[in-house]
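Written out below as structure tokens is the structure these notes cover.
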Amino acid sequence: NRKRLPDPPARHPLRDSHRGAGDALVASFDDSRIGLMVMATGLGKTLTAISGVRRLLDDGKVKRVLVLAHTNELVYQLERSAWGLMKKTESSTIWNGQESGDITSSTLVFACINSVYASMPNNSLYDFDLVVIDEAHHAGASMYQSVISEIGAGEVCGPYLLGLTATPWRSDEIQIRSIFTDLLVQIDMIEGLSKGYLSNVDYRMHIDNLDWSELAQATDLTPKQLNKKIFIEEWNDAGIYRLQDAFLEIPNPRAIVFCNTIEHAHIMKDKILSRGFSSAEVIYSGRHNGKTLSSQQRNVLLSDFH
């Protein structure tokens, strides 16, 4: 019955930048084995990559694709993004710590790097023609490097290696361009704004009055002690007041508050709840007071927020 159904139409119109990047990927696939797409958040780098992969599948140059990400949330998000460009005869599957579908024959396999790494060396990594790494600035980590090497991605006789990122830099000595040597497209936030691809940003800076010279004198402090020493009550309260003011300016507001530590995030959550202008939850990896958030709990929080 599935064969009698029409192929679904693409859900997203492609901009010239998407098509140009797709052209670059196809050309690079013929001439090289490695490519990198750098596009600011919101410009559609996932759509760009999947549309390029679609062309490679249509041309018969690629039969099976492995898409790697470092969190389960991203893995599921990437699979959903691909559905609108897949044909009825193609299949996708998830490979992570919670589920593992038909890895050996699915057209697109969306995998968490931890699960793929854990399969080595007891299991083969199967045959793929293209390996895509989302958030490719993580690719310099040892786990990614081991998987890339095991698969042979980017090598002469190995699958093509494609990296996607909005932030092509790392805090360590590893240079992303030393891994992904062929830059296919680069569109930063300034270009995205100037061409009308991104919404204008209302950027406001709250200037602190903290004595940062104290930080130079601070040694052997735990994150909790540092939070108490530097992020003082007045600073936290000022941030909450600005957030509340912003919530009053727009209909149906939602916000993400980035904090320095898990402890600081819980402090800010309690302050938001005490002001009563919004509900709030903390999402984090790692441990807090001996507790961790499971991937299921994180998925529920993200789903509720969405």
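With the contact rule set at Cα under 8 Å and sequence spacing of 6 or more, what percent relative contact order holds for the chain?
Here the relative contact order equals 18 percent.
Mind checking the range 91-196 for chymotrypsin sites (Phe, Trp or Tyr not before Pro) that DSSP puts in a loop (not H, G, I, E or B) and that have at most 16 other Cβ atoms within 10 Å?
Y126, W169
Just the number please: accessible area per residue for the chain, 1.4 Å probe, all protein chains included, in Å².
58 Å²
What is the list of residues in the range 172-202 whose amide nitrogen lies under 20 Å from a point 7 angstrom out from the Cα of Q77, following Cα to Cβ?
Inside the label zone: 187-190, 192-193, 197-201.
How would the chain be classified by its alpha-carbon gyration tensor: rounded, prolate or oblate, with rounded meaning a/c under 1.5 and the a/b versus b/c comparison settling the rest?
Note, shape of the chain comes out prolate.
At 222 nm, what value in deg cm²/dmol follows for the chain if DSSP H runs of at least 4 each add -39500 (n - 2.57) and the sum is divided by all its residues, to the nearest 500?
Counting only the DSSP helices, I get -11500 deg cm²/dmol.
Considering only protein heavy atoms and a 1.4 Å probe, what is the carbon-and-sulfur percentage of the accessible area of the chain?
51 percent
By its C-alpha gyration tensor, with a ≥ b ≥ c as the square roots of the eigenvalues, how is the range 235-306 shaped: rounded for a/c under 1.5, else prolate for a/b larger than b/c, else oblate?
The shape class here is oblate.
In a shell of Cβ-Cβ distance under 11 Å around D237, excluding D237 itself, what net charge do Lys and Arg (+1) and Asp and Glu (-1) give?
That sum, taken over residues with Cβ under 11 Å, equals +1.
Work through the residues other than A24 whose Cβ is under 12 Å from its Cβ and net out their charges, Lys, Arg +1 and Asp, Glu -1.
Computed value for this residue: -2.
At a 10 angstrom cut-off on C-beta neighbours, averaged per residue, how do the peptides 195-205, 252-262 rank from highest to lowest?
With the highest mean Cβ count within 10 Å placed first, the list reads 252-262, 195-205.
The values are calculated or read from the model by the stated rules, or taken from the named source; none is laboratory data. These numbers were taken from a predicted model, which means no experiment stands behind them. Note that each Cβ is placed from the backbone with ideal geometry, even for glycine, and that neighbours are counted across all protein chains shown. SASA here: full protein model, heavy atoms, side chains in, ligands and nucleic acids out. Shrake-Rupley method; radii C 1.70, N 1.55, O 1.52, S 1.80 Å.
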